[in-house]
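K.L.:
This is the structure I want to talk about, given as structure tokens.
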Amino acid sequence: MTPDPHSDLVRKRQRSRATALALLLGAFVVLVFAISIAKIQAGMPH
């Protein structure tokens with residue numbers, strides 16, 4: 001079976017989409033963490 005150039009393109013797009021999603025998820029985690037720290041420092045009421 002010969003390598004399909006189409007499948008290489010699909011794999012490349014999947015990899016770039018996965019990288020973008022990972023970066024967005026990481027940014028969301030950092031944002032939630034920063035908000036939590038800010039609330040703790042501000043003395044959030046229970």
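K.L.:
What list of ³J(HN,Hα) couplings, whole Hz, do you get for segment 17-26 from phi and the Karplus terms 6.51, -1.76, 1.60, once you set θ to phi - 60° and write x for glycine and proline?
P.N.:
Whole-Hz 3J(HN,Hα) from phi for segment 17-26: 5, 5, 5, 5, 5, 5, 5, 5, 5, x.
K.L.:
Stretched out fully, how many nm does the piece from Phe28 to Gln41 gain, at 0.36 nm a residue minus the Cα gap? Don't skip to the answer; put the middle values down first.
P.N.:
Details: separation 13, 0.36 × 13 = 4.68 nm, distance 2.00 nm.
Difference between extended and current length: 2.7 nm.
K.L.:
Translational diffusion coefficient, Stokes-Einstein: compute it for the chain using the Kirkwood radius over C-alpha pairs as Rh, at 4 °C and 1.567 mPa s, and state it as an integer in µm² s⁻¹.
P.N.:
Translational diffusion coefficient: 95 µm²/s.
Just so you know, all these numbers are worked out from the coordinates, no wet-lab data involved. Bear in mind the structure is a predicted one, so any value in this text is a computation, not a measurement.
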